[in-house]
Amino acid sequence: MAKTSTTTQGLRAAIERSGYYPALVAEAVEAAVGGEPIRSYLVHQETTFDQNEVRRHVTVLVLTGHRFIVSHTDEQAADGTSPTPYATTSTESVKLGRISSVVVSRVVANPEQYTPGTLPREVVLTIGWGAVSRIDLEPAACGDPNCDADHGYTGNSTADDLSLRVSEAGDGPETVREALAFAQALSEATADIDR
C-alpha cells in the first residue's frame, strides 16, 4: 500500500486512539518514517501492573518499502533522576533484508471445530533481526545412566528482538485482525527481498 494521506491519517488516528501521549508518539514515529511510503502499521497499547503502580506502554510497528520501524514509549514515575513523571520514547529502524524471522503463533479455542477464517483467541508476533539473541543452555548428558562425566553444555540460540502479544479478550478482535494483517504484510515484504 502506498503512502497516501489516508494511510498517514490512519496511522495517526490509531496512535491517537491508543490515548497514550499521542503527540509524543506520533512525532517520534513520523520522524523515523520520514518521507517513505507506509505499507502497513500496528499500534499496540499495553497496561501493566508494577507493585503499587499502573504503567502504560505503547508499541508502534511500521512497515515501509525498505524498512521495519519499531517505536516503544514507556512512562516512568518520578524517581532519583527526575522529580516529575516522565516518558521515554525510542525508535529503531531495521532494513527489511536484516529481518531473519517472522513468527506468528495463534491460539484457537476448540481446534477440532476450527473453520478457516475464524479469528484466533490470541496472537503472538515475534520478529528477529539479530539485535537481541537469547541463549538457553542445559547440561549435556550421554545415554549411560551411570555416567558421571562432565559432558559440557548443550543449548540453542534464538533471535528474540521483539515479541508482541495481542488477545481478543484484552485488546479486542480488531487488534487481533490488525496484528495478523501486519504480520502477513511483513512476511510478504521479507520474502520479496529474497526474490
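For the residues I127, I135, the requirement of being part of a strand (DSSP E or B) and modelled with pLDDT of 80 or more singles out I127.
For residues that are touching a Pro at 6+ places or on another chain (Cβ under 6 Å) and not basic (K, R), tally how many sit in region 66-106. Qualifying residue count, region 66-106: 2.
Counting only residues that are buried (at least 18 other Cβ atoms within 10 Å of the Cβ) and of a type outside the set (A, V, I, L, M, F, W, C), how many does region 162-182 have?
To start, the set of residues in region 162-182 that are buried (at least 18 other Cβ atoms within 10 Å of the Cβ) comprises 162, 164, 166, 168, 171, 175-176, 178-180, 182.
Now narrow it down to the ones that are of a type outside the set (A, V, I, L, M, F, W, C): 168, 171, 175, 178.
The number of residues fulfilling the criteria is 4.
Taking the criterion of being touching a residue at least 40 places away in the same chain (Cβ under 8 Å) and more than 19 Å from G19 (Cβ to Cβ), the residues of region 34-61 that qualify are R39, S40.
Scanning region 75-128 for residues that are of a type in the set (D, E) and in contact (Cβ under 8 Å) with a residue 12 or more places away in the chain yields E75, E92, E122.
The values are calculated or read from the model by the stated rules, or taken from the named source; none is laboratory data. A quick note: this is a predicted structure, and the numbers were derived from the prediction, not measured. Backbone-built Cβ (ideal geometry, glycine too); neighbour counts: all protein chains shown.
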